[in-house]
Amino acid sequence: MKRREFLMSAAAAAGVASFRTGWAQGASQAKVKQSTLDRIAIMTLNFQRILKVPDEQDSPERTLELLDIGQMLADRYGVHKVEFQHYHLASTEPSYLKELRARLEKSKSRATQINLEFGTLNISAPRLRDRLMAIDLTKQWVDHAVLMGAQRVMINQGQPTYENKALSIPALKAMADYGKSKGIIVSVETRGGGGGRGNRGAGTGTTPGAPATTAPGAPPTAAPGTTATPAPDAPAAAAPAATPPLSGPAAWPLLAEIIKGAGAYSNVDLGGANAGNQDELHMCLKMMFPMTANSLHTRVNTRWDLATAIKYLETELKYKGLYTIEAGNGHEGTQPIYDVVVATL
């Protein structure tokens with residue numbers, strides 16, 4: 001090797017070593033038992049601010065390639081299980097998915113779940129075509145999960161109601177049945193009022209980019225470049241009363257019915273369940289536990305104590321699954337939840 005090439009290679013290696021040292025700063029896993037670390041997963045969503053991901057403008061803050069997420073989590077937290085947002089992947093080509101899997105395996109890591117956010121395309125959609133598209137997209141991502149070596153996909157259920165339950169169950173069953181045929185668990189999360197994460201349009205009730213509509217009886221909308229003249233003394237049209245979305249304890253029995261009826265699995269989100277206190281959170285956990293996907297989202301909340309919830313899961317429900325850390329602000333939010341989980345298990 002020529003001297004110049006040797007120096008360049010050495011500099012590149014030093015840069016990688018320096019970068020990885022930065023990942024490991026503040027790590028607290030040195031004395032954590034491996035059996036404890038094996039029960040922790042961390043979401044890519046936590047690091048959305050620093051990830052180089054599609055549809056987000058580059059910035060000096062975005063320093064982490066998605067292909068490096070497994071190595072970063074292993075170096076910093078000793079955690080080797082990663083939960084992905086589907087929109088963080090730069091491609092769905094088999095070559096990319098296999099490369100991502102290979103990079104995870106290089107750090108002795110694996111994908112545990114892919115969270116799917118298809119906006120208004122979900123099992124609760126009133127239009128058949130939207131539910132069919134949700135089914136087709138979910139099947140595609142089940143196939144992607146197989147290539148990535150993931151164990152689960154988690155759907156966005158939209159806004160289930162007792163009125164649309166008869167539509168939601170067969171749609172979810174089609175997803176769950178296909179997942180089972182491929183060895184993939186299809187899970188459903190407890191979310192306060194439906195909705196979604198990552199500002200991807202889920203649960204908004206509108207299709208992103210769709211034009212606004214005028215309510216019956218409202219003044220006409222002006223054509224571009226003109227001014228509309230409202231009818232004189234026209235009374236304001238009353239907006240139709242909206243049915244409040246079910247949330248918290250009122251939503252859990254319905255969600256449990258849908259999951260059980262479809263043969264799918266539950267993924268309790270401790271924060272998104274919208275429990276008002278510790279007893280309510282434990283009620284939710286007990287209700288969903290018989291259908292558990294052996295994975296739940298672990299967050300903190302001022303209305304209940306995370307350590308107490310973990311102890312209830314471990315001692316009363318004999319839970320042996322994953323605690324997936326969900327936080328909104330990178331290491332700053334991830335580390336405190338990590339510390340509680342490892343101290344309690």
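We did not get these values from a lab; they are worked out from the coordinates using the rules stated. Since the model is a prediction, treat every value here as computed from it, not as a measurement. Here the Cβ positions follow ideal geometry from the backbone for every residue, glycine too, while neighbour counts run over all protein chains shown.
A crude spin-label estimate for the pair residue 294 and residue 98, with each label 7 Å from Cα along the Cβ direction, gives 2.8 nm.
From least to most packed, judged by other beta carbons within 10 angstrom and beginning with the fewest, 131, 299 follow the order 299, 131. Of the cross-linked pairs 106/173; 260/320; 81/180; 98/173, those separated by over 24 Å at the C-alpha level are 106/173; 98/173. Put in order of Cβ neighbour count within 10 Å, fewest first, the listed residues 75, 136 become 136, 75. Packing around the peptides 144-153, 314-323, 78-87, 157-166, taken as the average count of other Cβ atoms within 10 Å per residue, puts them in this order, highest first: 78-87, 144-153, 157-166, 314-323.
Partner aspartates and glutamates whose Cα lies under 18 Å from the Cα of residue 108, excluding those fewer than 8 positions away in the same chain, are identified as 38, 65, 68, 75, 83, 99.
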